Amino acid sequence: MHPSAILVQTALAQTGPEPEEAFMSVLELCDREIAAVPLDASVADAINKMLDHHVGAVAVVDSEYRVAGIFTERDVLRKMSLSRTDPQTMPVRELMTTPVEMATRRTGPGEALTTMLERHFRHLPVADDNGKLLGILSIRNLLEWRVDDLSRELESLEQYVSNDGPGG
């Protein structure tokens, strides 16, 4: 695992999935195309990758595709916008956020959502046990999952109520 990567510990390993939901990995919710740039990329390369993929963050990976950092829109605003440096020549590794907290394929959506809300993350890389990038989860992915989950629950409750005959 890359030294700047921190894997999110899964509470599910200790408590098991909640009874009403079957276990789902956050990897299933990630965007299909992974936005990543190599460690030697420029800030301009990272920004162009975000624009090309219509995302707000890119993972910065080493030669073995392990996560070394993450570069986000917030990094552009906070670290780049007023620095008067040229994004074409500024290495992304100098402005990326590190260490990176990551989920694994054992992380459930509810746990990832809690982590992201508590720590104010909008993006969470998903990596294998060696820190190799598998996907990037966005808060948008999780909110879509939660809305779908609540819609299914509402339909189930409506079905239950409508099927309840006289004498109940």
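The values are calculated or read from the model by the stated rules, or taken from the named source; none is laboratory data. Bear in mind that the values here come from a model prediction, so they are computed numbers and not experimental data. Heads up, the Cβs are rebuilt from the backbone with ideal geometry, glycines too, and the neighbour counts pull from every protein chain shown. Ligands, DNA and RNA are stripped out before the accessible areas are found, and what is left, the full protein with its side chains, is counted by its heavy atoms. Shrake-Rupley method; radii C 1.70, N 1.55, O 1.52, S 1.80 Å.
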### Message
Is there a quick way to get the dipole size of the stretch 56-119? I mean about its Cα centre, with the Cβ of Lys and Arg at +1 and of Asp and Glu at -1; what is the value in debye to the nearest 20?
### Response
60
### Task
Relative to the compact-globule scaling 2.2 N^0.38 Å, provide the ratio for the alpha-carbon radius of gyration of the stretch 49-135.
1.14
### Message
How compact is the stretch 125-164 by the rule of thumb for globular proteins, expressed as Cα Rg over 2.2 N^0.38 Å?
### Response
1.88
### Task
Can you tell me how much longer the chain between R32 and R74 gets when fully stretched, taken as 0.36 nm per residue apart minus their C-alpha distance, in nm with one decimal?
12.8 nm
#### Entry: Area accessible to solvent at S162, 1.4 Å probe radius, in Å²
80
### Query
If contacts are Cα pairs under 8 angstrom and at least 6 residues apart, what is the relative contact order of the stretch 66-158 in percent?
26
### Task
Quickly work out the R119-to-D52 label distance, labels modelled 7 Å from Cα along the C-beta direction, and quote it in nm with one decimal.
2.8
### Query
In the stretch 102-125, which residues have a backbone nitrogen under 13 Å from the label point lying 7 Å from M24's Cα in the Cα-to-Cβ direction?
108-113
### Query
What's the center-to-center distance, using Cα atoms, between the stretch 121-158 and the stretch 67-113 in Å?
19
